[in-house]
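Heads up: the structure comes next, in structure tokens.
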Amino acid sequence: MNTKKKRFLAVGRAWLFVCVLMIPLAGCNFFGLPEYELSVTIEPGVQGTPLSGPQVLADLAEVEFNYTPLNSLHTVEVLVDGGRVAASGTVTMYKNITLVARLVDIRAVWNVNLNKSDGTSLSTSKVTFSGSDILGGTFSDSRGYAGTWNGASNKITITFGNWEKYILTGTLFSMSGTWSNGTVTGSWSASRE
């Protein structure tokens, strides 16, 4: 009798131990696919899907996103966990993800690099873009040069007013393109400081 009782208690303890181990695993969705939260924020001036708010999705679910500006002169960018991507694409859920759709606003300090057509560096300077609107305004650089900029419909034109006839054109989203000074040309790129 003593042996049966001891065996019963040992089996009971083992079962209790297994149950105690299983409770945290059940809370982690161990017995099914894990779920993650997609938190979407759409800022003013932007429309598209998915809509603002949180969604709980299964592990490895693919979520397509596509956003456009309400005003066709504006340009949209998307931040996925803080990383800048184009206005449309796909995210794969393998963790909690935050997605923010917003209008491109370059009014800040940028490091601008100009290269000659052979690829050698022409100049590097800090350029401060300012203006009352995200579609255009004025700029000044760390060398004392200044001018105007226009950034509409994902195109940007930067025109120096006091540095020979330098004009930079390109894509607003990528902040890169080509420059010209009369018949001399090259490429440029910029990164936000």
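The values are calculated or read from the model by the stated rules, or taken from the named source; none is laboratory data. This one's a predicted model, so the numbers in the text were calculated from it and none came from an experiment. Cβ placement follows ideal geometry from the backbone for every residue including glycine, while neighbour counts extend to all protein chains displayed.
The table that follows gives values for the structure above.
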read-out	value
One residue from ILE156, ILE106 being of a type outside the set (D, E, K, R), surrounded by 15 or more Cβ atoms within 10 Å (Cβ to Cβ), in contact (Cβ under 8 Å) with a residue 24 or more places away in the chain and not in a strand (DSSP E or B)	ILE106
Pairs where the first residue, in the stretch 135-146, is farther than 20 Å from VAL104 by Cα and modelled with pLDDT of 95 or more and the second is assigned to a strand (DSSP E or B) and charged (D, E, K, R), C-beta under 6 Å, 6+ apart	SER142/LYS126
Residue, nearest to ASP133 (Cα to Cα), within the stretch 72-86, restricted to residues that are surrounded by 11 or more Cβ atoms within 10 Å (Cβ to Cβ) and free of Cβ contacts under 8 Å to residues at least 40 places away in the same chain	VAL76
Output for the stretch 177-193, where each listed residue is within 15 Å of PHE129 (Cα to Cα) and assigned to a strand (DSSP E or B)	SER189, ALA190, SER191, ARG192
Residue among GLY119, GLY131, GLY186, GLY182 that is loosely packed, with under 13 Cβ neighbours inside 10 Å and either touching a Lys or Arg at 6+ places or on another chain (Cβ under 7 Å) or assigned by TED's automatic domain parsing to the domain that holds SER72 (or both)	GLY182
Cross-chain or 6+ apart pairs with Cβ under 8 Å, the stretch 35-60 first and more than 17 Å from GLY82 (Cβ to Cβ) and without any contact (Cβ under 8 Å) to a residue 12 or more places away in the chain, then part of a strand (DSSP E or B) and among the hydroxyl-bearing types (Ser, Thr, Tyr)	none
Criterion violated by TYR94 - all others in (1) in the same structural domain as LEU70 (by TED's automatic domain parsing); (2) part of a strand (DSSP E or B) satisfied	(2)
Which numbered condition GLY147 misses (of (1) exposed (fewer than 15 other Cβ atoms within 10 Å of the Cβ); (2) more than 22 Å from ALA87 (Cβ to Cβ); (3) not aromatic (Phe, Trp, Tyr))	(1)
Residue among GLY170, GLY137 that is closer than 29 Å to VAL46 by Cα, within 21 Å of the chain's Cα centre (by Cα), outside any loop (DSSP other than H, G, I, E, B) and not assigned by TED's automatic domain parsing to the domain that holds ALA61	GLY170
Residues being at pLDDT 65 or above and part of a helix (DSSP H, G or I) - total across the stretch 17-53	1
Any hit, the stretch 152-166, residues being under 28 Å from the mean Cα position of the chain (by Cα), more than 25 Å from ASN71 (Cβ to Cβ) and not assigned by TED's automatic domain parsing to the domain that holds SER72	no
